Amino acid sequence: MKKTVNEMSKRAGFVGQLPALGLSALTAVTVSCLGASAQPVAQTNTLDPQFVRQLMDRVGVLEEKAKRVDALEAEVKTLKSGETSVPSDMPAMVETWPKIDLTVQGDVDYHVSSSKSDKNTFFLGDLDPLIVARLSDNSKVVGDFAITSDNFSGDGFNFDIERLYAEYDINDSFIVQAGRVNTSIGYYNNVYHNGTYFQTTVDRPGIYDFEDDGGILPVHLTGLTLSGEIPSGSWGLHYVAQVGNGRNYDLGKPAFFVSDNNDFKAFNFELSAKPEWAPGNQFGASVYYDTVTTPGVPRTDQLIMSGFEVYKTPLFEWLNEAVFMRDAPDGGSEHWTSAAYTQVSRKFGKFRPYLSALGRKFGDVFIIKPRVPAVCGLTC
């Protein structure tokens, strides 16, 4: 009897670790069973072996349930703490750098013209390899190249380095880039680079033509860029500050000219907002300043101001931008050139018809490439 009671006491001590409900149930069962057998114990001074076996079997079942409850509680605590159990025999994952991504874009086009002096013809667009080498979680090198076939040298193709820079992300508010990048003038020039796959229209808006395609704006800059988010709550403010070599407007020099042709440096600053309270909307403005020296033209102070308002969703987009450019040559009167475009499109299944209209007011001392004022098309 003493041995049996001790064993039962040990069992009861283990069951004391169970949740309150399990302990109450066990206590009720034990007391009930003991109460039911008290009379026989008093009479015979012995316990029924079969009864003891049943009682011990019941306690064993409750012990197994308690173990499962303890295991579940430990698993719940682990999940709440965010920790994951990793088998000891599993090899540790080691991050390897660099990681290199290669993307290639290109297009084949067909040109149709109503002019008798022009011919209907197939032609190749640009082939644009983009290489991104990630050196760590917060640093990378980007190389964006263009193999163009629309040159006038007669050799068929040219190779251009459109972007080549190293980037280091200190945090979301301070991202540093060094090298050749797109100048943060307006919206289109920063969002759509060289490949035409991601843009809605077949071609870029005329005011953002590349330098080697007759464009007047300095859409590229070689120097330093600092950008990042501005803590602003639901406004979603973002800034870009740039300093680098200004554009060389000398037509005898290639558009991609590594060094500056004077000691002056170009400065550009852009502030934009992507507010949470207006989903799909984004607006901003930028100011660019440089001193331009071009053979045959007096030294000129150049000021470029731009503004944009964009509404863009997966189904509908409406892009609006305007640029104002002032050139003030020494000893002469200032010249203003202004341009604006609007582009609207709506997606219907796999098709997206669009309409783009461009307006310009000429008054600049530098070359401007004429463009068709309005374009409509269909992409799919």
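Treating cross-link reach as a plain straight distance, find the aspartates and glutamates whose alpha-carbon is under 19 Å from the alpha-carbon of Lys312, omitting any fewer than eight places away in the same chain.
Counting by Cα, and skipping residues close in sequence, Lys312 has these aspartates and glutamates nearby: Asp203, Glu276, Glu321.
I'd like the Karplus ³J(HN,Hα) series for the range 104-118: coefficients 6.51, -1.76, 1.60, θ = phi - 60°, whole numbers in Hz, and an x wherever there's a Gly or Pro.
Taking θ as phi minus 60°, the curve returns 10, 10, x, 7, 10, 10, 10, 9, 10, 9, 8, 6, 5, 7, 10 Hz for the range 104-118.
Give me, ordered by chain and number, the residues 5 or more places off Gly186 or on other chains with an amide H under 5 Å from its own placed amide H.
Sorted by chain and number, the residues that satisfy this are Ser286.
Under a plain spin-label model, where a point goes 7 Å from the Cα along Cα-to-Cβ, how far apart in nm are Ser149 and Lys361?
Calculated label separation equals 4.1 nm.
Can you list the residues, at least 5 places off or on another chain, whose amide H is less than 5 Å from the amide H of Val219, using H built in the peptide plane?
Long-range HN contacts for Val219: Glu211.
At 0.36 nm per residue, minus the direct Cα-Cα distance, what do Ser234 and Tyr110 gain on full extension? Give it in nm, one decimal, please.
Full extension from Ser234 to Tyr110 adds 40.1 nm.
Using the Karplus curve 6.51 cos²θ - 1.76 cosθ + 1.60 with θ = phi - 60°, what ³J(HN,Hα) values do you get for each residue of the range 295-301, in whole Hz, with x for Gly and Pro?
x, x, 10, x, 4, 10, 8
Once the Cβ-Cβ distance between Ala133 and Arg346 is put in as r, and R0 is 56 Å, what FRET efficiency do you end up with, to the nearest 0.05?
For Ala133 and Arg346, the calculated efficiency is 0.90.
Do any of Lys116/Lys350; Lys140/Lys274; Lys253/Lys347; Lys274/Lys350; Lys119/Lys265 go past 32 Å between their Cα atoms, and which?
Lys116/Lys350; Lys253/Lys347; Lys119/Lys265
Extension gain Asp212-Asn320, at 0.36 nm per residue separation less the Cα-Cα distance, in nm?
Between Asp212 and Asn320, full extension yields an extra 36.4 nm.
Treating each Cα of the range 99-379 as an identical point scatterer and ignoring solvent, apply the Debye formula and state log10 I(q)/I(0) at q = 0.10, 0.12, 0.14, 0.17 Å⁻¹.
Taking Cα atoms of the range 99-379 as identical point scatterers yields -0.58, -0.86, -1.20, -1.73.
log10 I(q)/I(0), Debye, Cα-only the range 184-322, no solvent, q = 0.09, 0.10, 0.14 Å⁻¹?
So the normalised log intensities work out to -0.31, -0.38, -0.72.
So which chymotrypsin sites (Phe, Trp or Tyr not before Pro) in the range 119-193 end up in coil per DSSP with only 14 or fewer other C-beta atoms within 10 Å?
When the chymotrypsin sites (Phe, Trp or Tyr not before Pro) of the range 119-193 are filtered for loop state and at most 14 Cβ neighbours within 10 Å, Phe152, Phe157 remain.
For Lys80, give me every one of the aspartates and glutamates with a C-alpha distance below 20 angstrom, ignoring sequence neighbours fewer than eight places off in its own chain.
Asp70
Residue separation times 0.36 nm, minus the C-alpha to C-alpha distance between Leu124 and Glu95: what's the value?
Between Leu124 and Glu95, full extension yields 6.4 nm more.
Binning at 10 angstrom from zero up to the longest distance, how are the C-alpha pair distances of the range 180-261 distributed in percent?
Whole-percent P(r) values from 0 Å outward: 16, 42, 31, 10, 2.
Using a simple spin-label model with points 7 Å from Cα along the Cα→Cβ vector, what separation in nm is obtained for Asp172 and Val287?
2.8 nm
Computed from the coordinates by the stated procedures, all read-outs in this text should not be read as laboratory data. Source: prediction; values computed, not measured. Positions of Cβ are backbone-derived with ideal geometry, glycine not excepted, and every protein chain shown enters the neighbour counts.
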